[in-house]
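All of the numbers you see were taken from the coordinates with simple rules; none came from a lab. Small disclaimer: the values here were computed from a predicted structure and weren't measured. Reconstructed Cβ throughout: ideal geometry from the backbone, glycine too, with neighbour counts over all protein chains shown.
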Ligand SMILES: *Cc1c(COP(=O)(O)O)cnc(C)c1O
């Protein structure tokens, strides 16, 4: 074991060591795997502890929570990344407070975001969330619609499409989890082949990031392994 589990810096060191191990096993450069700390449900004190450890960019799944934290921590100029299911009526707040959306999964949301962004003279990086699992509770675009969706997104000047995101099936069977990550990787190949610059793959969380790295993840979204157990599942 490395580090001290009682502090964010200690948990960060432990997670980084596990990322390095997973990269080593996969023959990949650890510098090529970006870490997105997921601060949802944790308060501003926890975020400030992460900031002190060098983090500037945080994943959240509720816009109200981004709004509250971004306002309370305005002096820190942090970047807030939306990773949860988004309602179109939140587009204005997203356009104002978020620096990126990884959960773009339908056209009416793209329409609302683009309109809100244009009104504020801003652009946003977005990832398209694909549904690679069979669980009804998970959102995401049907992968079979990806190429049509990417084509439609070309008409939204404020949305810069940077890649794809997915959540793997919650399963103890490694093969099932890997299948989700491999699907995302293969859909990126198809999209690239069709001429879309969807370079980034956001996949992997606390429980499955080593598998995601083995399957080619560029960015892992880590909550509990960095911040501790959440008191409730939002
Ligand atoms: C909460 C969440 C994470 C982080 O989950 P952990 O298991 O705590 O690492 C990653 N991605 C999404 C979309 C989430 O909602």
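Whole angstrom only: what separates the Cα centroid of the stretch 130-150 from the Cα centroid of the stretch 1-69?
If we compute the Cα centre of each part, the gap is 27 Å.
Using the Kirkwood radius over Cα pairs, work out the Stokes-Einstein diffusion coefficient for the stretch 66-153 at 4 °C and 1.567 mPa s, in µm²/s as a whole number.
94
Divide, for the stretch 3-226, the radius of gyration over alpha carbons by 2.2 N^0.38 Å, where N is the residue count.
Cα Rg divided by the expected 2.2 N^0.38 Å: 0.99.
Only helical DSSP H runs with n ≥ 4 go in: add -39500 (n - 2.57) per run for the chain, normalise by residue count and round the 222 nm mean residue ellipticity to 500 deg cm²/dmol.
Details: 9 runs with 97 residues, N = 234.
After summing the helix terms and dividing by the residues of the chain, the value is -12500 deg cm²/dmol.
For the stretch 44-106, report the convex hull volume of the alpha-carbon atoms normalised per residue, in Å³, without decimals. Mind dumping the intermediate values first?
Numbers: hull volume 4.6 nm³, N = 63.
That works out to 74 Å³ per residue.
What is the fewest-to-most order of 202, 99, 39, 71 by other Cβ atoms lying within 10 Å of their Cβ?
Listed from fewest to most nearby Cβ atoms, that is 71, 99, 39, 202.
If each residue's Cβ is checked for other Cβ atoms within 10 Å, how do 183, 79, 29 rank with the fewest at the top?
In order of increasing Cβ crowding within 10 Å: 29, 79, 183.
For the stretch 93-234, what does the alpha-carbon gyration tensor say about shape, rounded, prolate or oblate, given a ≥ b ≥ c as the root eigenvalues, a/c under 1.5 as rounded, and a/b over b/c as prolate?
It comes out oblate by the Cα gyration axes.
What ranking do 208, 172, 218 get, fewest neighbouring Cβ atoms within 10 angstrom at the top?
Going from least to most buried by this count: 172, 218, 208.
As an exercise, use a Förster radius of 30 Å and the Cβ-Cβ distance of residue 172 and residue 5 to find the FRET efficiency, rounded to the nearest 0.05.
0.80
At 0.36 nm per residue, and after removing the present C-alpha to C-alpha distance, how many nm does the segment from residue 151 to residue 119 gain when stretched out fully?
9.2 nm
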